[in-house]
Amino acid sequence: MFNGQLKILKFYLDSVLNRFLPGVKGIALLIILPAFFVVIFYFLSNLTEIFTAEENDKVVEYEKKFAPLKEDLPRKAVVNYVTDHTEGYDFSIAVYVLVPTRIIRGLKPQQNYLIAHYVNKTKTPKFEGYTLKRKYGNGIMLFERNN
Amino acid sequence: MEILAFIPPILIGSAIVVMIFPKFSLKGAGAVFTVCLGSGIGLGLTSSTIFLWLAWFGRPGAAYRVFEVGSAILLTTIAFYRFHDDTSGSQDEWPADCGTNDVPIKWLKRLCIILLLISAGSFGLKTFIEGSYGTIDTRITWNYRARWLFRGGDQWEHAFYSPVARDAEYEDDKGHAADYPLLVTGSVYRGWEIMGNDHFSIPIIIAGVFTFGTYLLLYASLALLRNQNQGYLAVLFMLVSTQFLHLGTDQYGDVPLAFFILSTVALFALKDRFPAISLQAIVLTGFTASCAAWTKNEGLMFLVLVILVHFIGQIGKNDGSNLLKEFFCFLMGMLPVMGTLLYFKLKFAPRNDMVNIPTLKQTAFHLLDLDRYLIVITEIFKKVYQFNDGIVILLAVYFLISGLDRSGKGKKHILSHVMLLFLMMCGYLFAYMITPYDLRWHIGSSIRRLFIQLWPAWVFLFFYCVRGPEQSAAEDQPGKLSPEGL
């Protein structure tokens with residue numbers, strides 16, 4: 001009797017399945033249904049992330065910030081780089097954005113040019129052996145070695 | 001406009017596939033297979049040619065563009081004549097009897113296409129709007145080196161500078177993974193050189209080609225080997241694995257590597273299923289396996305394992321002269337890209353940060369550390385179980401209920417494909433054992449990507465073996481390809 005009821009249930013489910021999703025076995029729904037919901041949910045969550053994001057793409061931001069500086073940097077030189085950024089991404093993005101200028105973190109060994117990227121300081125920093133050459137706004141400054 | 005830069009490599013690669021398979025390569029699923037595979041091979045070849053041009057002749061200019069476009073036109077012309085020439089090639093390349101069992105389920109096809117388009121929308125949102133420049137590895141490795149090739153002028157070799165291999169002049173003046181092969185970097189550089197500017201869309205388009213090329217290649221190969229419905233189902237399953245798409249948007253080399261691993265496995269499966277076209281398929285596996293090696297160092301391991309499993313491992317089991325012929329064909333396919341890889345590794349690439357003699361001397365003793373094995377194996381199993389929120393469990397349940405497909409003689413070699421992927425995982429295990437980095441950090445930062453490299457191939461093998469979704473037994477007859485189904 002239990003078998004009979006099971007068969008009736010299976011027949012009913014098959015007929016419902018055939019009405020809406022003809023030609024496939026029920027087991028295929030194990031893949032089809034998750035695909036339907038996951039893909040749509042993933043799209044909507046990406047859309048939501050974009051509209052609710054507080055920050056823009058950092059590389060885009062750095063490309064804009066460093067664009068005027070790049071014009072004054074000697075091509076293919078090695079340049080010192082100092083920053084008050086505590087975020088790990090700052091240096092790697094600066095390295096990427098400033099190619100083909102090679103930058104090294106800190107003041108040693110001293111190079112002919114020094115880039116200072118200070119977002120939290122209002123006063124112009126001073127570096128021994130360097131003179132400020134130009135300020136670019138957004139906390140970016142270029143210093144030149146004195147001799 | 002940037003999309004125009006991709007026409008020559010797609011034409012070159014597709015022309016090669018059409019020349020090798022003139023009869024089925026431009027019909028239905030065969031056409032999808034041709035364009036996807038051809039795009040990958042084309043990008044592999046053009047990334048090699050542009051690197052060689054830069055190394056031998058200097059910055060590629062108008063002459064390179066003429067060379068590339070000329071090659072595309074020449075190869076396309078030859079492919080066109082080959083396609084239309086009924087008397088060229090052997091009739092045996094295409095099995096004569098064709099069944100008509102491939103009846104695609106229309107709503108399934110439409111659903112697959114719609115969900116692929118929505119996924120493309122997700123891809124576009126994540127790349128063009130949210131993160132145009134990828135993530136950290138993109139800007140310290142893949143596109144960083146491409147920038148040096150493009151902007152570096154006569155100092156372009158700085159793209160391969162790494163203080164891991166040489167005495168660092170400055171502590172932070174370094175690239176990461178500078179010895180990585182150049183398929184992705186070279187393709188990005190090629191796109192920038194052709195367009196004349198380093199627009200962010202070029203690496204995004206390359207990432208898109210490989211990400212969606214993988215989905216479509218999965219569909220096409222299963223459509224050819226089983227039927228279209230199985231192909232649609234496999235693609236729907238891959239779309240559930242959102243981590244694959246997510247990694248594609250990061251513009252790393254893992255998704256292109258996954259593409260080439262899938263294409264190699266699929267070509268070997270085609271070769272086993274249709275012995276009449278085995279030599280032709282083997283030539284293409286040479287291309288795809290060498291492109292895998294040209295993408296990432298793990299691809300080099302894959303190439304070695306392909307030779308081990310499919311050639312050395314067949315000694316004594318198959319006819320020796322046939323095996324030699326197949327190996328020769330494989331070498332022919334491998335030659336162009338492998339030659340470039342060898343040249344790059346010998347002349348430009350710095351020492352690998354893990355596989356080098358000083359590091360191996362320090363870390364060889366790790367191979368005797370049983371606790372380390374336990375940690376690595378546990379983490380691998382945990383990753384398999386947790387991957388994409390337990391998607392493997394979905395596969396297991398599907399298999400338990402659906403069962404194995406028992407039609408088709410070609411599946412006799414399925415174990416060699418499984419062995420190949422399993423050995424790749426053993427290779428990853430070995431890499432973790434000898435890593436000079438903190439073990440847990442290294443596993444945490446990379447295991448997801450290593451798994452994704454093999455994921456499409458595993459999905460392919462699964463859907464190759466499991467029974468189809470149709471209510472009737474609408475399976476292809478063994479040894480036949482169906483042009484209606486194509």
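Side notes on the structure shown:
- Angle between chain A longest axis and helix A:29-52 axis [Cα atoms, degrees, rounded to 10]: 30 degrees
- Within chain B, longest stretch free of exposed trypsin sites (Lys or Arg not before Pro) [DSSP loop, at most 10 other beta carbons within 10 Å]: B:1-316
- Of the DSSP H helices in chain B, those whose Cα atoms cover at least 15 Å axially and whose Kyte score averages 1.0 or more: B:7-20, B:29-57, B:106-124, B:201-225, B:228-240, B:254-273, B:278-295, B:297-310, B:391-402, B:414-434
- GluC sites (Glu not before Pro), loop per DSSP, at most 16 other Cβ atoms within 10 Å - longest free stretch of chain B: B:172-483
- Tilt relative to chain A, helix A:58-72 - C-alpha long axis, 0 to 90 degrees, to 10: 30 degrees
- Helix A:2-20 axis, angle to chain A major axis (alpha carbon atoms, nearest 10°): 60 degrees
- The protein assembly as shown - share of DSSP beta bridges that are antiparallel (%, nearest 5): 65 percent
- Taking a straight line from the alpha carbon of A:Lys10, these lysines sit under 20 Å away, with near neighbours fewer than eight places off in the same chain left out: A:Lys25.
- Histogram of C-alpha separations across the protein assembly as shown, 20 Å bin width, %: 18, 49, 27, 6, 0, 0
- Overall, the protein assembly as shown carries a charge dipole of about 140 debye about its Cα centre when +1 sits on the Cβ of Lys and Arg and -1 on the Cβ of Asp and Glu, all other atoms neutral.
- 20 Å binning of all Cα-Cα separations within chain B, expressed as whole percents from 0 upward: 24, 58, 18, 0
- Under 14 Å, Cβ to Cβ, from B:Gly333 - net charge with Lys/Arg +1 and Asp/Glu -1: +1
- Taking the DSSP beta bridges with both ends in region A:58-145, the antiparallel portion is around 65 percent.
- Normalised alpha carbon radius of gyration of region B:213-328 [divisor 2.2 N^0.38 Å]: 1.14
- Options B:Leu331, B:Trp192, B:Thr34, ranked by Cα towards positive dipole end of chain B, top entry (Cβ charges): B:Thr34
- Value of [θ]222 nm, deg cm²/dmol, for chain B, DSSP H segments ≥ 4, -39500 (n - 2.57) each, nearest 500: -22000 deg cm²/dmol
- Under the combined filter of DSSP loop state and at most 14 neighbouring Cβ atoms within 10 Å, region A:64-147 retains these trypsin sites (Lys or Arg not before Pro): A:Arg75, A:Lys121, A:Lys123, A:Lys126.
- Scanning chain A for GluC sites (Glu not before Pro) that sit in a DSSP loop and have at most 11 other Cβ atoms within 10 Å, the longest stretch containing none of them is A:1-53.
- Summed residue charge, Cβ within 15 Å of B:Gly124's Cβ, Lys/Arg positive, Asp/Glu negative: -4
- Antiparallel DSSP beta bridges within chain A, as percent of all bridges there, nearest 5: 65 percent
- Neighbourhood charge, 11 Å Cβ-Cβ cut-off, centred on B:Asn197 and excluding it, Lys, Arg +1 and Asp, Glu -1: -2
- Entry note, chain B: relative contact order of 22 percent, from Cα contacts under 8 Å with a spacing of 6+ residues.
Only the coordinates and a few stated rules stand behind these numbers; no lab work does. Owing to the predicted nature of the structure, the values given are computational and were not obtained by experimental measurement. Don't worry about glycine lacking a Cβ; one is built from the backbone with ideal geometry, like all the others, and counts go over all protein chains shown.
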